[in-house]
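The values are calculated or read from the model by the stated rules, or taken from the named source; none is laboratory data. Since we're looking at a predicted model, the values are computed, not measured. With ideal geometry, Cβ positions are generated from the backbone for all residues, glycine too; neighbour counts draw on all protein chains shown. In case anyone asks, the SASA skips ligands and DNA or RNA and just uses the protein heavy atoms, side chains included. Shrake-Rupley method; radii C 1.70, N 1.55, O 1.52, S 1.80 Å.
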Amino acid sequence: MPDISLTMIVVLCVAALAAGWIDAVVGGGGLLLLPVLLLGLPAGTPAAYALGTNKAVAIVGTSGAAVTYARKAPVDVRLAVRIGVAAVAGSSAGAFLAAGMSTEVLKPLIMVVLLGVAAFVILRPAFGTAPATGPATRRQILAAIGLAGLGIGFYDGLIGPGTGTFLVLALTAVLHLDLVTASATAKIVNCCTNAGALAMFAWQGTVLWRLAALMALFNLAGGMLGAHTALKKGSGFVRVVLLTVVFALVVNIAYEQWLA
């Protein structure tokens, strides 16, 4: 455990709880947890330790949310795992290219896409409110594997912020799922991508395991609570949280691009 004050440990645990809730409902918990970790770790700590510890915390909360969803939501676990395997491949490719590519060029484009997504969700109140009318077709499955798996997985490895939110949107659009079922499916996909990333960070020795174990308990509680909330409140509630997270993403990327 690094030399962190008791006050900061409390802040980190509360952030892990809140991030778990947000991530379970609609994705995007990393927007809160990673910056808090970067600020909370002692000065001079390499950023890789924040990234590795973040993944060790997030995978616990994501797994708890996935199990909670799978018990009560109509999730196609086999399809979710297939998308997850593709996402692992995509994120590995993105991470491989990230070292030699400037992501600053891509961030304004991502902001435009996010604003377009927000406008679409606002102008289409029925988006993600109706359950799927039947099993996914072969074409829909391949599209989901390509877009949600390889495409968003690649984005996760290359840049990262908002991956869970993009997954929810893609799964809703391609598979015609309601937002609650899309969030449930996204959690299983996220488990796969988090496992792949955590394995790499663990191999590199950049995970603060004792701190991660403590924060993971709170993240797990937040994840399970968030899943229960989404299941209870329904797609209308998830839609409101989705729009909130999308706008938070835009503000976060704009700040990093022009103000940080």
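Look at (1) among the basic types (Lys, Arg); (2) open to solvent by less than 70 Å² (accessible area, probe 1.4 Å); (3) modelled with pLDDT of 80 or more and you find that Lys72 fails only one, number (2). Among the residues of region 211-232, some residue qualifies, meaning at least one is open to solvent by less than 50 Å² (accessible area, probe 1.4 Å), touching a Pro at 6+ places or on another chain (Cβ under 9 Å), farther than 19 Å from Ala118 by Cβ and at pLDDT 90 or above. If I ask for residues that are part of a loop (DSSP other than H, G, I, E, B) and either in contact with a strand residue (DSSP E or B) (Cβ under 7 Å, 6 or more places away or on another chain) or farther than 21 Å from Ala144 by Cβ (or both), which ones from region 173-208 would you list? Scanning region 173-208 gives Gly205, Thr206, Val207, Leu208. Counting the residues of region 17-66 that are under 11 Å from the mean Cα position of the chain (by Cα), β-branched (Val, Ile, Thr) and more than 19 Å from Gly196 (Cα to Cα) gives 3. Of all residues in region 1-49, those that are at pLDDT below 85 and assigned to a helix (DSSP H, G or I) total 10. Within region 138-150, residues that are under 15 Å from Thr193 (Cα atoms) have Cβ atoms under 7 Å from residues that are β-branched (Val, Ile, Thr) and assigned to a helix (DSSP H, G or I) in these pairs: Ile145/Ile83; Leu147/Val174; Ala148/Ile83; Ala148/Val174; Ala148/Val189; Gly149/Ile83, counting only partners at least 6 apart in sequence or on another chain.
Among the listed residues Leu198, Leu208, which satisfies the condition of being at pLDDT below 90 and more than 26 Å from Val113 (Cβ to Cβ)? Don't jump to the end; show me each part of the working.
Numbers: Leu208 fails: at pLDDT below 90.
Going through Leu198, Leu208 in turn, the sole match is Leu198.
Pairs linking a residue in region 27-47 that is more than 25 Å from Ala170 (Cβ to Cβ) and free of Cβ contacts under 8 Å to residues at least 40 places away in the same chain to a residue that is of a type in the set (A, V, I, L, M, F, W, C) and in a loop (DSSP other than H, G, I, E, B), with Cβ atoms under 7 Å and 6 or more positions apart or on different chains, are Gly40/Ile4.
Answer yes or no as to whether Arg139 is of a type in the set (D, E, K, R), at pLDDT below 80 and open to solvent by 30 Å² or more (accessible area, probe 1.4 Å). No. Looking only at region 72-86, residues that are out of contact with any Phe, Trp or Tyr (no Cβ under 8 Å at 6 or more places or on another chain) and assigned to a loop (DSSP other than H, G, I, E, B) come to 3 in all.
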